[in-house]
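Reading through the structure tokens given below for one structure.
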Amino acid sequence: MSELAESPLAAGDRNLSVEQARAAIAAALQPISETQTVPLGLALGRVLATDVISPIDVPAHDNSAMDGYAFASADLQADQATVLQAVGTVMAGAPHAGRIAPGQALRIMTGAVMPEGLDTVVPHELCRVDGLQLRIEPGVVRAGENRRRQGEDLALGRPALQAGRWLKPADLGLIASLGIPQVAVLRRLRVALFSTGNELRNAGQPLEPGCIYDSNRYSLMGALQRLGMEVIDLGLVPDDPAALRATLAAAVADADAVLTSGGVSMGDADHVRDLLAQLGEVAFWKVAMRPGRPFAFGPLRSPDAQQPVWLFALPGNPVAALVTFYVFARDALLQLAGARPQPLPVLQARCTSAIRKRPGRTEFQRAIVEPAPASDSGWQVRLTGSQGAGVLRSMSEANALLVLGHGQGSVAAGEMVDVWLFDGLS
Ligand code: AMP
Ligand code: MG
């Protein structure tokens with residue numbers, strides 16, 4: 001891994017901006033390549049390994065977009081009512097056999113195949129029906145309207161979805177609409193996770209004096225599960241070099257990436273940093289951000305040496321751990337999993353309060369984005385309670401991170417700011 005010496009990963013203790021750190025991480029990673037086939041019903045959140053090519057036209061035939069009457073546009077009168085004779089009904093799934101004579105129409109249901117020779121549908125509420133006679137006033141419908149074209153959704157032989165697609169609910173429906181019951185996906189990324197700190201206890205255990213419950217592992221487990229990743233839960237590890245070494249070795253043997261929280265600062269008990277230097281060529285970064293220091297990233301030597309195992313050593317403070325996950329680990333893990341870039345949605349919103357900030361670092365404040373009051377328009381954003389890096393409630397109440405960029409100074413109330421929607425748009 002000596003080539004790292006020339007890369008931004010060799011930044012060591014130099015202060016990197018958030019953008020530099022993100023770019024350096026992205027440049028270092030190679031996605032996994034092992035694939036597997038899964039039934040379509042289990043493919044949500046998986047990453048497509050190959051393009052899905054449409055084996056058919058969708059729809060397979062021209063069909064009606066409305067419940068109404070199908071007729072030939074040649075019968076349509078421009079400046080007087082068109083009068084037609086209804087001679088039958090065509091239902092979805094039961095194509096009409098035979099031809100229709102000029103001046104005739106067929107009652108047709110949404111999705112029914114357009115009968116031969118007919119090209120236009122008038123919705124039933126837009127025409128007058130008297131027995132079998134149908135009257136369409138001029139201008140109500142134009143030639144060819146309310147007909148869905150064969151292949152309009154997906155044409156035979158064209159890629160319906162591309163490799164690297166992180167499958168969403170509508171994608172599953174789209175693939176099913178092609179008649180394809182299973183898909184080739186990349187295997188799930190395996191991410192090992194543990195928390196470090198002598199003071200940590202598992203939820204469900206008694207809390208001894210001076211101890212706290214481990215929350216980071218649960219926040220991060222949730223964040224990883226939402227990305228569709230396989231979590232290898234390695235539990236709690238005390239601030240003890242031998243225990244840390246053994247846990248890191250187990251992680252490296254099993255996982256594509258390792259997420260740790262705690263123990264990377266300069267405190268006496270902080271051994272992760274030293275161990276990293278022994279087990280890989282890990283760049284220890286001072287990233288110019290708040291919250292989020294300290295944060296370390298780099299390759300650990302893996303037993304098969306094909307691919308390094310990527311370590312993201314997140315800070316222990318519960319808010320900082322999640323913020324650094326969203327800022328550095330989320331996109332990187334998706335990249336490792338083979339997904340095309342899926343950045344969190346960024347929105348501009350009006351800030352409801354003034355915020356003090358000095359240029360030279362990026363700040364992430366926990367915030368709630370909501371529609372602006374009716375008198376205004378667009379979105380507004382307000383901060384959630386105490387913004388201390390240990391106050392997890394500020395993160396739990398938030399639906400977004402308010403991001404003040406590296407070069408940005410203080411913000412006045414009413415100014416527009418960037419927000420990252422970490423819960424997505426749904
Ligand atoms: P550290 O990064 O280890 O110096 O930890 C910074 C602060 O975060 C300390 O107050 C720790 O007790 C706290 N902390 C570290 N890990 C966790 C965790 N897994 N859950 C909750 N708090 C933690
Ligand atoms: Mg600690």
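The values are calculated or read from the model by the stated rules, or taken from the named source; none is laboratory data. Bear in mind the structure is a predicted one, so any value in this text is a computation, not a measurement. Glycine gets a Cβ as well: all are built from the backbone with ideal geometry, and neighbour counts include every protein chain shown. Each accessible area value is taken on the protein alone, full model and side chains, heavy atoms only, with ligands, DNA and RNA left out. Shrake-Rupley method; radii C 1.70, N 1.55, O 1.52, S 1.80 Å.
Looking only at the stretch 387-398, decide whether some residue is among the basic types (Lys, Arg) and in contact with an Asp or Glu (Cβ under 9 Å, 6 or more places away or on another chain).
Just the residues of the stretch 387-398 that are among the basic types (Lys, Arg), to begin with: 393.
Checking the rest, the ones that are also in contact with an Asp or Glu (Cβ under 9 Å, 6 or more places away or on another chain) come to none.
Taking every residue of the stretch 387-398 in turn, none turns out to be among the basic types (Lys, Arg) and in contact with an Asp or Glu (Cβ under 9 Å, 6 or more places away or on another chain).
Out of the residues in the stretch 181-202 meeting the condition of being out of contact with any helix residue (DSSP H, G or I) (no Cβ under 7 Å at 6 or more places or on another chain) and open to solvent by less than 70 Å² (accessible area, probe 1.4 Å), tell me which one is farthest from ligand 2 (Cβ to nearest atom).
Kept after step one, since they are out of contact with any helix residue (DSSP H, G or I) (no Cβ under 7 Å at 6 or more places or on another chain), are these residues of the stretch 181-202: 184-188, 197-202.
The next check asks that each one be open to solvent by less than 70 Å² (accessible area, probe 1.4 Å); those that pass are 184-187, 197, 200-202.
Working: 184: 43, 185: 38, 186: 35, 187: 33, 197: 4, 200: 8, 201: 13, 202: 16 Å.
Out of the qualifying residues, it is 184.
All of (1) under 22 Å from residue 223 (Cβ atoms); (2) polar (S, T, N, Q); (3) touching a Pro at 6+ places or on another chain (Cβ under 9 Å) hold for residue 260 with one exception: (3).
Right, residue 87: outside any loop (DSSP other than H, G, I, E, B) and either in contact (Cβ under 8 Å) with a residue 60 or more places away in the chain or open to solvent by 60 Å² or more (accessible area, probe 1.4 Å) (or both) or not? Yes: the conditions hold for residue 87. Can you tell me which residue is surrounded by the most Cβ atoms within 10 Å (Cβ to Cβ) among those in the stretch 305-350 that are of a type in the set (S, T, N, Q), more than 16 Å from ligand 2 (Cβ to nearest atom) and touching a residue at least 60 places away in the same chain (Cβ under 8 Å)? Filtering the stretch 305-350 for residues that are of a type in the set (S, T, N, Q), more than 16 Å from ligand 2 (Cβ to nearest atom) and touching a residue at least 60 places away in the same chain (Cβ under 8 Å), the one surrounded by the most Cβ atoms within 10 Å (Cβ to Cβ) comes out as 335.
Note on the stretch 111-130: residues that are within 16 Å of residue 147 (Cβ to Cβ) and open to solvent by 60 Å² or more (accessible area, probe 1.4 Å) total 3. The residue list 239, 274 contains one member that is over 19 Å from residue 309 (Cβ atoms), within 15 Å of ligand 2 (Cβ to nearest atom) and modelled with pLDDT under 95, which is 239. The residues in the stretch 25-81 that are of a type outside the set (A, V, I, L, M, F, W, C), on the phi < 0 side of the Ramachandran plot and in a loop (DSSP other than H, G, I, E, B) can be counted, and the count is 17. When residue 248 is tested against the conditions (1) within 14 Å of ligand 2 (Cβ to nearest atom); (2) assigned to a helix (DSSP H, G or I), the lone failure is (1).
Cβ-Cβ contacts under 8 Å between residues 6 or more apart (or on different chains), taken from a first residue in the stretch 234-256 that is among the polar types (S, T, N, Q) to a second residue that is within 12 Å of ligand 1 (Cβ to nearest atom) and not in a loop (DSSP other than H, G, I, E, B), are listed as 247/194; 247/237.
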